[in-house]
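Engineer: Take this structure, written in structure tokens, and hold onto it; I'll ask about it next.
Quick note: the coordinates plus some simple rules give every number you see, no bench work behind them. Not measured: the values here are computed from a predicted model. Note that we place each Cβ from the backbone using ideal geometry, even for glycine, and neighbour counts take in every protein chain shown.
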Amino acid sequence: MGIPMDLTEIFRFVAALAFIIGLIGVCAYAAKRFGFATGGFGGSAQKRLSVTEVKALDAKHRLVLIRRDGKEHLILMGGEHNLLIETGIDAPTIVEAATMTPDGEPPAPGFQFQRIVNLIKERRA
């Protein structure tokens, strides 16, 4: 039979555990604050790259619209290779994004998908 732990050993164990968890939290905060978690330096730097939208096409493929320096790029990801479908698209302003068709109605969901399929077929031909 083992020797039971007295109250001071239990307290010392709990204090050491709290100290280690606190150190992990401080390191995580410092990494985020100084930009090590995002790959950049400084928290106030303007972000140049962002993922605007991701659309799943099927179980393997998805369309990713990324924005870099005010330009958007459409990428088809999945399968054996990633495919850059369109590049250098001017990022729409808020007004343009709200009214995509001349009559003010949002485009039909099938229209955008058919346009992308046609672009892929053109690239492969």
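Engineer: Highest mean first, what order results for 63-72, 81-90 on Cβ atoms within 10 Å?
Structural biologist: By packing density, highest mean first, the sequence is 63-72, 81-90.
Engineer: Using Cα positions and a limit of under 18 Å, work out the lysines in reach of residue 47, with same-chain residues fewer than 8 apart set aside.
Structural biologist: Partners found: 32, 71.
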